[in-house]
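**Student:** Please see the structure below; I have some questions.
The values are calculated or read from the model by the stated rules, or taken from the named source; none is laboratory data. Computed from a predicted model, the values in this text were never measured in an experiment. Please note: Cβ atoms are built from the backbone with ideal geometry, for glycine as well, and neighbour counts cover all protein chains shown.
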């Protein structure tokens, strides 16, 4: 369980607990939710879910409470965000959209969306307020660990990171579509800008991967074997 605590200047505190191992139940899909959570409402163009099986978008349902709470808030509002995990605690004074970006990203990555759920390994080792460099380093590391296990099972490993590029291309497409849901669901801009930032982060991973890998090489340069 990971807890996010938002302390506002007004003295109000907003708490959200995220079970990263939660499952999306058939019961949840039969309940009534906001219109913008329906699967066929601004459905992502690359959504693999069947409308016959799913009435609602699982990710939107998971986000509904958070989106509803922050709907009237402005993104530039200064807040103190505390994140409690079973192992440690993080705190950061920042604008609301930065704290929301971290929370929304965690919820989305642990949802029942077949595309977003591929980010679950990163969510399992959640790093709040991650920079683009943090995200790239962790993403590439997690992907290579995944390839190690594929190889161990007799499969063909992708050490060229082609699958990672393909995934982030599809993630960029998903984020662009999902933004339309959040735009409709929010009265102010905090939610929307947080999701836009998530999309921008995915885009940066996709377009700057090669450049960042060259930068990361410097980190390992000292220990790399010298050419013969």
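**Student:** Could you check residue 126 against (1) in contact (Cβ under 8 Å) with a residue 60 or more places away in the chain; (2) over 23 Å from residue 41 (Cβ atoms); (3) part of a helix (DSSP H, G or I) and say which number it fails?
**Tutor:** Among (1) in contact (Cβ under 8 Å) with a residue 60 or more places away in the chain; (2) over 23 Å from residue 41 (Cβ atoms); (3) part of a helix (DSSP H, G or I), residue 126 violates only (3).
**Student:** For residue 154, all conditions in the list (1) under 30 Å from residue 82 (Cβ atoms); (2) assigned to a loop (DSSP other than H, G, I, E, B); (3) at pLDDT 95 or above hold save one; what is the number of the exception?
**Tutor:** Of (1) under 30 Å from residue 82 (Cβ atoms); (2) assigned to a loop (DSSP other than H, G, I, E, B); (3) at pLDDT 95 or above, only one is false for residue 154: (1).
**Student:** State yes or no: is residue 142 assigned to a helix (DSSP H, G or I), without any contact (Cβ under 8 Å) to a residue 12 or more places away in the chain and under 30 Å from residue 79 (Cβ atoms)?
**Tutor:** no
Conditions (1) modelled with pLDDT under 95; (2) within 12 Å of residue 14 (Cβ to Cβ); (3) in a loop (DSSP other than H, G, I, E, B), marked per residue:
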residue: 67; (1), (2), (3): no, no, no
residue: 72; (1), (2), (3): yes, no, yes
residue: 79; (1), (2), (3): no, yes, no
residue: 83; (1), (2), (3): no, no, no
residue: 102; (1), (2), (3): no, no, no
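The rows are residues; the columns are (1) more than 18 Å from residue 210 (Cα to Cα); (2) at pLDDT 95 or above; (3) out of contact with any strand residue (DSSP E or B) (no Cβ under 9 Å at 6 or more places or on another chain); (4) loosely packed, with under 13 Cβ neighbours inside 10 Å.
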| site | (1), (2), (3), (4) |
| --- | --- |
| 136 | no, no, yes, no |
| 143 | no, yes, yes, no |
| 147 | yes, yes, yes, no |
| 158 | no, yes, yes, no |
| 162 | no, no, yes, yes |
| 165 | no, no, yes, no |
| 176 | yes, no, yes, no |
| 180 | yes, no, yes, no |
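**Student:** Every residue in segment 184-196 that is surrounded by fewer than 18 Cβ atoms within 10 Å (Cβ to Cβ) and in contact with a helix residue (DSSP H, G or I) (Cβ under 7 Å, 6 or more places away or on another chain), please.
**Tutor:** Scanning segment 184-196 gives a single hit, 184.
**Student:** Further question: In the list 104, 96, 100, 74, which residue meets the criterion of being more than 29 Å from residue 218 (Cα to Cα), surrounded by fewer than 18 Cβ atoms within 10 Å (Cβ to Cβ) and in contact with a helix residue (DSSP H, G or I) (Cβ under 8 Å, 6 or more places away or on another chain)?
**Tutor:** 74
**Student:** Does residue 226 satisfy the criteria of being at pLDDT below 95 and part of a loop (DSSP other than H, G, I, E, B)?
**Tutor:** yes
**Student:** Taking segment 18-60 only, how many residues are farther than 17 Å from residue 118 by Cβ, touching a residue at least 12 places away in the same chain (Cβ under 8 Å) and part of a helix (DSSP H, G or I)?
**Tutor:** Residues flagged as farther than 17 Å from residue 118 by Cβ, touching a residue at least 12 places away in the same chain (Cβ under 8 Å) and part of a helix (DSSP H, G or I) within segment 18-60 amount to 6.
**Student:** Condition first: in contact with a helix residue (DSSP H, G or I) (Cβ under 9 Å, 6 or more places away or on another chain) and without any contact (Cβ under 8 Å) to a residue 24 or more places away in the chain. Now tell me which residues in segment 148-164 satisfy that.
**Tutor:** 155, 156, 157, 158, 159, 163
**Student:** Looking only at segment 89-123, count every residue that is closer than 18 Å to residue 76 by Cα and free of Cβ contacts under 8 Å to residues at least 60 places away in the same chain and tell me the total.
**Tutor:** Residues meeting the conditions: 5.
**Student:** Let me ask another. Looking at (1) modelled with pLDDT under 95; (2) outside any helix (DSSP H, G or I); (3) surrounded by 15 or more Cβ atoms within 10 Å (Cβ to Cβ); (4) out of contact with any helix residue (DSSP H, G or I) (no Cβ under 6 Å at 6 or more places or on another chain), can you tell me which one residue 117 breaks?
**Tutor:** Result: residue 117 fails condition (2) only.
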